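The values are calculated or read from the model by the stated rules, or taken from the named source; none is laboratory data. In this text the structure is predicted, and so the values were computed from the model without any measurement. Cβ sites come from the backbone with ideal geometry, for glycine too, and all protein chains shown count toward neighbours. Just so you know, the surface numbers come from the protein's heavy atoms only, side chains and all, with ligands and any DNA or RNA stripped out. Shrake-Rupley method; radii C 1.70, N 1.55, O 1.52, S 1.80 Å.
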Amino acid sequence: MAPAEGGNSDLRIVGAVEALDRIYPWLDEAAGGEIPETLLTRMHVALEEAVANVALHGFAPDAPGHITLRLRVEDGQARLVIEDNGAPFDPTTAEIRPMAASLAEVTPGGWGLGLIRKFCPAATYERRDGLNYLTLPFPMPV
Amino acid sequence: MSITIHELDGGVTRVVLAGRIDIKGAQEIDTPLSVIGGSRRALVIDLAEVEFLASIGLRSLVQCAKVVQLKGGKVVLLSPRPVVAEVIQFSGIDELIPIHDDADEAIAAVSPAR
């Protein structure tokens, strides 16, 4: 894995659930001690949800595509970009099911999108040249 | 991911989860939690040693709590770390499964009335 611009490394994984194991150590290593632990854990949550969403729903079952992760720490921000060649999907505007009023009524699941938006309110999405780009900027504490 | 079961006095079960509840971790606890949920009526799920919780893990916790409640039982969560608590609160799950930071209070909250 060659170092990329900004001194951080990119990670390219197969868009399948089995590949998710690699994103946790990757983010820790790419952060290189520059990101405070609490912020880093929040970034882990948002990243896990975003990548899991693509791996689980972005590709046909017999045709996993690719997901590329990038981290840049600059200008007071830690910015994650998740690029994938799956079906077009905007996690920043997709409808979120309202929370049920009781345990009896709740259907477990569907909380990942809400977590991405709560942990990273400035998330943006773009579809370009057949690829999805989800950008998750996290302000660095001063 | 590890899961340990402690049977307490008064018919209360304390389930101690430890590790990362991501997709892989959730797969590891899903079956044990289903079995526990299916056979207990007063459950304290201790999250103090859980380092990380993803939405897939919330699903396992809620499914277990649903089963227990269906039988007229109760489930509470105990002592999640700050970021784990944020995941639970941001999802609104704390409205469905109460969070306690004190073990005695948690046990009292689920204990069957005498």
Conditions (1) within 26 Å of A:Leu115 (Cβ to Cβ); (2) modelled with pLDDT of 95 or more; number of the one not met by B:Ala103:
(1)
Out of (1) more than 10 Å from chain A (Cβ to nearest Cβ); (2) surrounded by 20 or more Cβ atoms within 10 Å (Cβ to Cβ), the one B:Ser79 does not meet is (2)
Checked the stretch B:21-43 for anything charged (D, E, K, R) and either open to solvent by 50 Å² or more (accessible area, probe 1.4 Å) or at pLDDT 95 or above (or both); matches are B:Lys24, B:Glu28, B:Asp30, B:Arg40, B:Arg41
Quick check: anything in the stretch B:18-27 over 22 Å from A:Ala104 (Cβ atoms) and away from chain A (no Cβ under 11 Å)?
yes
Tell me which residues, restricted to the stretch B:50-86, are more than 15 Å from A:Gly114 (Cα to Cα) and assigned to a strand (DSSP E or B).
B:Val50, B:Glu51, B:Phe52, B:Lys74, B:Val75, B:Val76, B:Leu77, B:Leu78
Within the stretch A:105-117, restricting attention to residues that are at the interface with chain B (Cβ under 7 Å from one of its Cβ atoms) and part of a loop (DSSP other than H, G, I, E, B), which residue is surrounded by the fewest Cβ atoms within 10 Å (Cβ to Cβ)?
A:Gly109
Quick one: in the stretch A:10-35, which of the residues that are more than 12 Å from chain B (Cβ to nearest Cβ), farther than 15 Å from A:Leu80 by Cα and surrounded by fewer than 19 Cβ atoms within 10 Å (Cβ to Cβ) is modelled with the lowest pLDDT?
A:Val14
All-but-one check, A:Glu95 against (1) surrounded by 17 or more Cβ atoms within 10 Å (Cβ to Cβ); (2) without any contact (Cβ under 8 Å) to a residue 24 or more places away in the chain; (3) more than 22 Å from B:Val84 (Cβ to Cβ), failing number (1)
Qualifying residues in the stretch A:124-142 (those that are surrounded by fewer than 20 Cβ atoms within 10 Å (Cβ to Cβ) and hydrophobic (A, V, I, L, M, F, W, C)) - the one nearest to A:Gly58 (Cα to Cα):
A:Leu131
